[in-house]
1. Given the Cα-Cα distance of Ala46 and Gln157 and 0.36 nm per residue of separation, how much length would full extension add, in nm?
2. Out of the GluC sites (Glu not before Pro) in the range 89-198, which ones are loop residues according to DSSP with at most 13 other C-beta atoms within 10 Å?
3. Run the dipole for the range 48-322 about the Cα centre, Lys and Arg Cβ at +1, Asp and Glu Cβ at -1, nothing else charged, and hand back the magnitude in debye, nearest 20.
4. Among Ile223, Ile75, Ile60, which comes first, then next, by fewest other beta-carbon atoms within 10 Å?
5. Quick one: which residues, 5+ away or cross-chain, put their amide H under 5 Å from the amide H of Gly277? H built at 1.01 Å from N.
6. Show me 262-268, 235-241 ranked by packing, highest mean number of other Cβ atoms within 10 Å first.
7. Roughly speaking, what is the centre-to-centre gap between the range 232-281 and the range 168-230 when only Cα atoms are used, to the nearest Å?
Amino acid sequence: MTPPSVNPPLSAEEPAENPQPPKRRPVKVESSWSIMDRIGLGLAWAAGVTLCVIAGAIVIYMAYKGLQYVNWEMITTAPEASLDQSASGGFLDPILGTLLLTVIGILIAIPVGVAVAVWLTEYGRPSGLARAVESGVEIVAGTPSIVLAIFGLLIFQQSFMGLFSFTAEGGAVFGRSFITAGVMMSLVALPMVIGATREALNTIPRHVREASYALGKDKATTIRRVLLPSARSGIATGATLGMGRIAGDTAIVVILLGASMTITPEEGPGGLLRGTGSTLTSYVYNNSPAGEGNAPEKAYAAAFVLLLIVIVLNALVGLIGRRNKPQWN
């Protein structure tokens, strides 16, 4: 008679063939929620739907009004001086002014913002200065653009700043130019570049830095060769958001750019950058019923073009966020 086989006990090194899956905590379904939780969920849904409806209404209305008046000739012709703006020229110069001002502002904001973000994230010493810098970034982010414009005008109206702005024949410095407006616009975009860059750097695991140090790289080389390339999607996202803020600002344009209909270069070197002009935002304001142009059809057309630019920039933010994003294990 053959004795029944007995399975030997599993040793500590031999795992069970069919390990039991870990037990999951039960999730409460909505039917078991309290009445207050259900009300809160309903209010959250209502808030989200309301926001979508408002955004959709803005896009649909501006598309409906803008497509009635916008045409290729209006986009490719410069404004003309006339008492009847509704029948004189287009808004090519404001489009070029928007692009030029956006490029100037973001080219200043990117290196400054990335440098500040790297220092706060990777160094942060002395701690008192780091806290002061963080508070300064929050103050700049919360300061109205009209206040930034007045502050910039106060600075750039000084005689020693005449190299950067429009200057009258008598030597009076007006403090208005694409350079001065671009410098103050960079402050509008700076908090977004800093915030997005810091968030991207904080998502990089510590072992990535330690691996670089183990290969004999110092901290500066690690930042330059490892961290910044890994955070480029976050930097690009912050830069794109900043460009959207610059393109949509009006107060700085009106005060520091002159808000003239056409681009007027200054004589001498850097004449275009030291000259005055307008952007789509100031053009829309001047031609609205509240402005002096009183050409609402042109205001609707220019507003539609500006809205398209902002939508494209926001789409780029989403595209950048989905692509080139490192997957850390």
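1. On the way: separation 111, 0.36 × 111 = 39.96 nm, distance 4.96 nm.
Taking 0.36 nm per residue and subtracting the Cα distance, the gain is 35.0 nm.
2. Passing sites in the range 89-198 are Glu169.
3. Values: 16 positive and 16 negative charges, 278 e Å.
Once rounded to the nearest 20, the dipole reads 1340 debye.
4. Numbers: Ile223 20, Ile75 14, Ile60 10.
Fewest-to-most Cβ neighbours within 10 Å comes out as Ile60, Ile75, Ile223.
5. Hits under the 5 Å cutoff: Ala259, Ser260, Thr264.
6. Working: 262-268: 14.9, 235-241: 23.7.
Highest mean packing first, the order is 235-241, 262-268.
7. Result: 20 Å between the Cα centres.
No lab work stands behind these numbers, since they all come straight from the coordinates. A quick note: this is a predicted structure, and the numbers were derived from the prediction, not measured. With ideal geometry, Cβ positions are generated from the backbone for all residues, glycine too; neighbour counts draw on all protein chains shown.
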